[in-house]
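Everything on this sheet refers to the single structure shown next.
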Amino acid sequence: MRGESGMEWPVFLGIETSCDETGCGIVSGEGEVLAGVVASQVAEHERFGGVVPEIASRAHAEAIVGVIDRSLAKAGMEPGDIGVVAVTAGPGLIGPLLTGIAAAEGFAGALGIPLIPVNHLHAHVYGTGVAGGVEPPYTGLVISGGHTAFYRWEEGQEAPQLLGTTVDDAAGEAFDKVAKILGLGYPGGPAVEKAAAHGDAWAVKFPRPGVKMEGLRMSFSGLKTAVLYHVREMGREPDAVEKADIAASFQRAVAEALALKSARALEETGHRTFVAGGGVAANGAVREALAGACRETGVRIVLPEAGMAGDNGVMVAQMGRFMYNKGLWISPAGAGIKPYAGGEERMQRGRRR
Ligand code: KG4
Ligand code: ZN
């Protein structure tokens, strides 16, 4: 803590507001998690069947101060105990990002402490790694609602190198769209997994998405379309058993494709450690498939603990800690943080609308 062990071990506060969770995390200079609070907006978006950006912005604005206060209370700290503030700058929805950035700039500015703009995807990977006790070098995979990307993260590197992404839908997006097709509700991932639990994963033969694509490029929109056509061809709404079979078969296709590409990524990097983060990393079938791919080659796999796969502030605080230790911080009195929707990441993702 500041004052006790000096400025080289400040306490880090991380703020996450890129999509539909308002998150705040507090970690010590050594990376110990002192507090984590997430306020979910699921109830607000549910009736629209997806995230409505304007509603998300408003919900973040309403929740952010309380979420920060609760985190400080959980850690038994005062604002003055915080030494560095990290905040997700992108990729994400601009309005929601601006809410978190405003809070972070206000907090850091009032205290005159360093401020760190964090990349959300890097935070998913690094935060999962720290929780599992590993540091780079490793190969990372982000499987979230907006992104599906492989990273090479070497020791000493300031940021990971992007190796390949989906050229269309993200893995989580496919889960969300299939949930919609099957009328399973929002958010789609957990709903599909729940339905799949009672289904036969070999009942329907779906294409394994993107496995024929070269290198680490991936694609999930064809699989989603295959599910849509399958349901259309039935000419009626599938019953509960059929829905379970479709959900399980779809889930298996995603899991197998991710496992295959992960094995390919590890072959390319030669790393002995693999870290996967993002909402879809909570999925049991996906976790099993990824673990299987790593087991075959004796690679150590690190997956998010329960409740830590999705968006949270702890991962942002951990990524802030990593960047601070590399000297990558800015003064709150200097230039403001610019939020970004995708930028370089989106460009490399391919032909996305
Ligand atoms: O990382 P995340 O919380 O937010 C983004 O950065 O996008 O990921 C959200 C995504 C959503 O598409 C959601 O449907 C998916 O993760 N997801 C799941 C599961 N839990 C969340 N997908 C499959 N199985 C799950 N259990
Ligand atoms: Zn995320």
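The values are calculated or read from the model by the stated rules, or taken from the named source; none is laboratory data. These figures come from a predicted structure and were not determined experimentally. Cβ atoms come from the backbone with ideal geometry, glycine included; neighbour counts cover every protein chain shown. For accessibility, only protein heavy atoms count, side chains too; no ligands or nucleic acids. Shrake-Rupley method; radii C 1.70, N 1.55, O 1.52, S 1.80 Å.
Just a yes or no: is a residue in segment 205-218 open to solvent by less than 10 Å² (accessible area, probe 1.4 Å), within 16 Å of ligand 2 (Cβ to nearest atom), not in a helix (DSSP H, G or I) and not hydroxyl-bearing (Ser, Thr, Tyr)?
Within segment 205-218 (the criterion being open to solvent by less than 10 Å² (accessible area, probe 1.4 Å), within 16 Å of ligand 2 (Cβ to nearest atom), not in a helix (DSSP H, G or I) and not hydroxyl-bearing (Ser, Thr, Tyr)), the answer is no, since none of the residues qualifies.
Of the numbered conditions (1) under 18 Å from Met319 (Cβ atoms); (2) touching a helix residue (DSSP H, G or I) at 6+ places or on another chain (Cβ under 9 Å), Ala59 satisfies every one except a single condition; which is it?
(1)
Quick check: anything in segment 11-23 in contact with a Lys or Arg (Cβ under 9 Å, 6 or more places away or on another chain) and of a type in the set (Phe, Trp, Tyr)?
Yes, segment 11-23 contains a residue that is in contact with a Lys or Arg (Cβ under 9 Å, 6 or more places away or on another chain) and of a type in the set (Phe, Trp, Tyr).
Rundown of residues vs (1) within 20 Å of Gly132 (Cβ to Cβ); (2) touching a helix residue (DSSP H, G or I) at 6+ places or on another chain (Cβ under 7 Å); (3) part of a helix (DSSP H, G or I); (4) more than 16 Å from ligand 2 (Cβ to nearest atom), yes/no style:
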position: Arg252; (1), (2), (3), (4): no, yes, yes, yes
position: Glu256; (1), (2), (3), (4): no, yes, yes, yes
position: Leu266; (1), (2), (3), (4): yes, yes, yes, yes
position: Val280; (1), (2), (3), (4): yes, yes, yes, no
position: Val286; (1), (2), (3), (4): yes, yes, yes, no
position: Gly307; (1), (2), (3), (4): yes, no, no, no
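Pick from segment 303-342 the residues that are among the charged types (D, E, K, R) and surrounded by 18 or more Cβ atoms within 10 Å (Cβ to Cβ): which of them is nearest to ligand 1 (Cβ to nearest atom)?
Only one residue tops the list, namely Asp311.
Can you tell me how many residues within segment 280-302 are open to solvent by 40 Å² or more (accessible area, probe 1.4 Å) and of a type outside the set (D, E, K, R)?
4
Considering Gly156, Gly183, which residue is free of Cβ contacts under 8 Å to residues at least 40 places away in the same chain and out of contact with any strand residue (DSSP E or B) (no Cβ under 9 Å at 6 or more places or on another chain)?
Going through Gly156, Gly183 in turn, the sole match is Gly156.
Looking at the structure I just gave you, is Gly156 more than 16 Å from ligand 2 (Cβ to nearest atom) and in a strand (DSSP E or B)?
no
Which pairs turn up if I take residues in segment 210-230 that are within 11 Å of Val178 (Cβ to Cβ) and look for partners that are among the aromatic types (Phe, Trp, Tyr) and part of a helix (DSSP H, G or I) with beta carbon separation below 7 Å, at least 6 apart in sequence or on another chain?
So the pair list comes out as Leu223/Phe250; Val227/Phe250.
Pairs please, first residue from segment 265-284 and closer than 21 Å to Ala197 by Cβ, second anywhere and within 16 Å of ligand 1 (Cβ to nearest atom) and among the acidic types (Asp, Glu), Cβ atoms under 7 Å, 6+ apart in sequence or on different chains.
Asn283/Glu193; Gly284/Glu193
Could you tell me whether any residue of segment 15-38 is within 16 Å of ligand 2 (Cβ to nearest atom) and in a helix (DSSP H, G or I)?
no
Could you look through segment 6-40, keep only residues that are at pLDDT below 95 and closer than 19 Å to Gly112 by Cα, and pick out the one that is surrounded by the fewest Cβ atoms within 10 Å (Cβ to Cβ)?
Glu8
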